[in-house]
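Student: After the structure tokens below, expect a handful of questions from me.
The values are calculated or read from the model by the stated rules, or taken from the named source; none is laboratory data. The structure presented is a predicted model; accordingly, all values stated were derived computationally and were not measured. Cβ placement follows ideal geometry from the backbone for every residue including glycine, while neighbour counts extend to all protein chains displayed. The protein model used for the area step is the full one, side chains on, heavy atoms only, and it has no ligands, DNA or RNA in it. Shrake-Rupley method; radii C 1.70, N 1.55, O 1.52, S 1.80 Å.
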Amino acid sequence: LIEDLRILARADAGQLPLFPEVTDPARLVADAARSFAPQAAERGVRLWAEAAPDLPELSADPQRIAQVLGNLVSNALRYTPAGGEVVIAVRREPPPGSGLLFEVRDSGAGISPEELPHIFDRFYRADRSRSRGSGGAGLGLAIARRLVEAHGGAIWAASELGRGTTVSFRLPA
């Protein structure tokens, strides 16, 4: 919790250190899938990565983008029931954009339209019935937003109750 708050404070002050390097976006999603494979298997959730062919390289801090993907996948697994699926994907942004579009899609319960605009707020937890010990502090999506914005990108979510949630972020290529 303290480390998460420190990251947010540094990001707010414009002092979050980034160490960009040329990075393969397909490898980022593959690594995220590999990292969470045991947790997905334990929960009975199918998890896989999809990467479009011929993606351009990305200039980004690979550890910070891995942190973003980790936060998104962790949430997706938390809210996807056994027998469901989570997909981590990357592709080129549709024209006229020139960036890369990352997505984490799940087949969970979804988020209500009233709550969706608030999910990137600090300490906001859509499922208030979860205890603090099992549901997190409500900082993961706020951190993801600040890390994506620090890279010059944007993050958003779409959801349909009973059908799942997709959290997407765009990074300049």
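Student: Among the residues of the stretch 19-73, count how many are under 15 Å from VAL87 (Cβ atoms) and not in a helix (DSSP H, G or I).
Tutor: Number satisfying all stated conditions: 8.
Student: Between residues in the stretch 49-71 that are under 10 Å from GLU21 (Cα atoms) and residues that are of a type in the set (Gly, Ala, Ser) and open to solvent by 40 Å² or more (accessible area, probe 1.4 Å), which pairs lie under 7 Å by C-beta distance while being six or more apart or on different chains?
Tutor: Short answer, once both residue conditions are applied: LEU58/ALA173.
Student: In addition: Among the numbered criteria (1) modelled with pLDDT of 95 or more; (2) on the phi > 0 side of the Ramachandran plot, which one does TRP48 miss?
Tutor: So TRP48 meets the others, but not (2).
Student: How many of the residues making up the stretch 16-61 are among the polar types (S, T, N, Q) and in contact with a Leu (Cβ under 7 Å, 6 or more places away or on another chain)?
Tutor: Qualifying residue count, the stretch 16-61: 2.
Student: Of all the residues that make up the stretch 38-50, how many are open to solvent by less than 50 Å² (accessible area, probe 1.4 Å) and within 16 Å of the chain's Cα centre (by Cα)?
Tutor: Residues flagged as open to solvent by less than 50 Å² (accessible area, probe 1.4 Å) and within 16 Å of the chain's Cα centre (by Cα) within the stretch 38-50 amount to 3.
Student: Give me the residue from the stretch 75-104 that is open to solvent by 10 Å² or more (accessible area, probe 1.4 Å) and polar (S, T, N, Q) and, out of that set, farthest from ILE119 (Cα to Cα).
Tutor: SER98
Student: Cβ-Cβ below 7 Å, separation at least six or inter-chain, first residue in the stretch 158-173 and touching a residue at least 40 places away in the same chain (Cβ under 8 Å) and open to solvent by 20 Å² or more (accessible area, probe 1.4 Å), second hydroxyl-bearing (Ser, Thr, Tyr) and not in a strand (DSSP E or B): which pairs?
Tutor: Close Cβ pairs satisfying both conditions: LEU161/SER112; ALA173/SER98.
Student: Further question: Filter the stretch 142-173 down to residues that are of a type in the set (Gly, Ala, Ser) and assigned to a loop (DSSP other than H, G, I, E, B), then give me how many there are.
Tutor: Final tally of qualifying residues: 4.
Student: Related question: Could you check the stretch 87-135 and list, in sequence order, the residues that are in contact with an Asp or Glu (Cβ under 7 Å, 6 or more places away or on another chain) and at pLDDT below 95?
Tutor: GLY99, GLY110, ALA126, GLY135
Student: Please work out if ALA37 is in contact with a Lys or Arg (Cβ under 6 Å, 6 or more places away or on another chain) and at pLDDT 95 or above.
Tutor: Against the criterion (in contact with a Lys or Arg (Cβ under 6 Å, 6 or more places away or on another chain) and at pLDDT 95 or above), ALA37 does not qualify.
Student: Please state which of the following conditions ALA173 fails to meet, knowing it meets all the rest: (1) modelled with pLDDT of 90 or more; (2) closer than 21 Å to GLY99 by Cα.
Tutor: Among (1) modelled with pLDDT of 90 or more; (2) closer than 21 Å to GLY99 by Cα, the lone unmet condition for ALA173 is (1).
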